[in-house]
Amino acid sequence: MGRHLVIAAAQMGPIARTESRAAVVRRMIDLMRQAKALGAEVVAYPEATLTAFFPHWFTEDEDEVDAWFERDMPGPQTQPLFDEARRLGVGFHLGYCELDMSSGRKRRFNTSILVDASGRIIGKYRKIHLPGHSDHRPETPFQNLEKRYFEVGDLGFGAWQAWGGVAGMIICNDRRWPESYRVLGLQGADMIFCGYNTPVHHPAAPDHDRLGQFHNELSMQSGAYQNSAWVIGIAKAGMEEGVDMIAGSCIITPTGEIAARCSSAEDEVIVSRCDLDLGRSYRETTFNFARHRRTEHYQMIVERTGPTPP
Ligand code: CDV
């Protein structure tokens, strides 16, 4: 008997700047019910699901920034999502913005969690690759101020026993870096969840725009294949406060093929019955890390970013 798990990707359409958390959570619960009706055991939501993607706007007002963040998880506004998941008996993956005071100072992270069917948080990840800039660039049509509003994640790329396999998380820009997947692959990850908020337009390099969806799939498909893992990519999609965001949420097999893909730029659920053993033959042959990786040969150059000087 193979290990099978029905996973849903719950893509979210645009979220208005003025939309309340309660309204967003209602949309999420609706998607969760659709996913359950399709047989899902796990439902995956995007990066920073609960609000509009505020790093597109500059502000110096600390209170305004804090208002985009969750102090508690679950908190009063997200508790209904946890309650519904428990009622339906499904687990979920949630990306949100975390305000952490546990060290005695305010820290803000771009975070995701895994929640089991009893409503217990079983894993937490804080985004490591923060794109964009921290300075104000009012001349651009929109900004990406993740470097201003978030600290670099301090939890590493963790993997957890979950849903009959091993689950890991990465967030958005992490998916473009092969090492994100590899650190999880080395821990035996069977499934890697990746929420994203990716604009169609790239103000710093507009010539990349036409390749946005191609690079999205290229990154996640190669990460899946090279690490023998399912990758679940979940978008915040559509025209959000004047920023057009790519959609294309998809569930990718350990062979690197796309098993299911969203066809809209709105709230939409896709599901796939994932054979968690599908990557086994790759792990035992082409990507048998123990037999074929030659880390001792990488080590001498790993910190160097340029060629050997003449
Ligand atoms: N939220 C993101 O990390 N977005 C980046 C954009 C800004 C390029 C991404 O890599 O998709």
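Each reported figure results from applying straightforward, stated rules to the coordinates on display, with no laboratory input. Small disclaimer: the values here were computed from a predicted structure and weren't measured. Positions of Cβ are backbone-derived with ideal geometry, glycine not excepted, and every protein chain shown enters the neighbour counts.
Tabulated values for the structure
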quantity	calculated
Test: residue in the stretch 138-157 that is under 12 Å from the mean Cα position of the chain (by Cα) and either within 12 Å of the ligand (Cβ to nearest atom) or under 23 Å from residue 273 (Cβ atoms) (or both)	no
Set 59, 51, 78: member being within 16 Å of the ligand (Cβ to nearest atom) and among the polar types (S, T, N, Q)	51
Whichever residue in the stretch 181-208 is in contact with a strand residue (DSSP E or B) (Cβ under 9 Å, 6 or more places away or on another chain) and farther than 21 Å from residue 164 by Cβ and, among such residues, is farthest from the ligand (Cβ to nearest atom)	183
Answer residue from the stretch 106-116, given it is away from the ligand (no atom under 14 Å from the Cβ) and free of Cβ contacts under 8 Å to residues at least 60 places away in the same chain and is nearest to the chain's Cα centre (by Cα) among those	113
Candidate set: the stretch 123-137, residues that are more than 10 Å from the ligand (Cβ to nearest atom) and either under 16 Å from the mean Cα position of the chain (by Cα) or of a type in the set (Asp, Glu) (or both); chosen: the one surrounded by the fewest Cβ atoms within 10 Å (Cβ to Cβ)	135
Test for residue 271: is it aliphatic (A, V, I, L, M), in contact (Cβ under 8 Å) with a residue 40 or more places away in the chain and touching a helix residue (DSSP H, G or I) at 6+ places or on another chain (Cβ under 6 Å)	no
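Residue by residue, here is whether (1) free of Cβ contacts under 8 Å to residues at least 12 places away in the same chain; (2) of a type outside the set (A, V, I, L, M, F, W, C) holds:
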residue: 192; (1), (2): no, no
residue: 198; (1), (2): no, yes
residue: 201; (1), (2): no, yes
residue: 218; (1), (2): yes, no
residue: 238; (1), (2): no, yes
residue: 254; (1), (2): no, yes
residue: 287; (1), (2): no, no
residue: 291; (1), (2): yes, yes
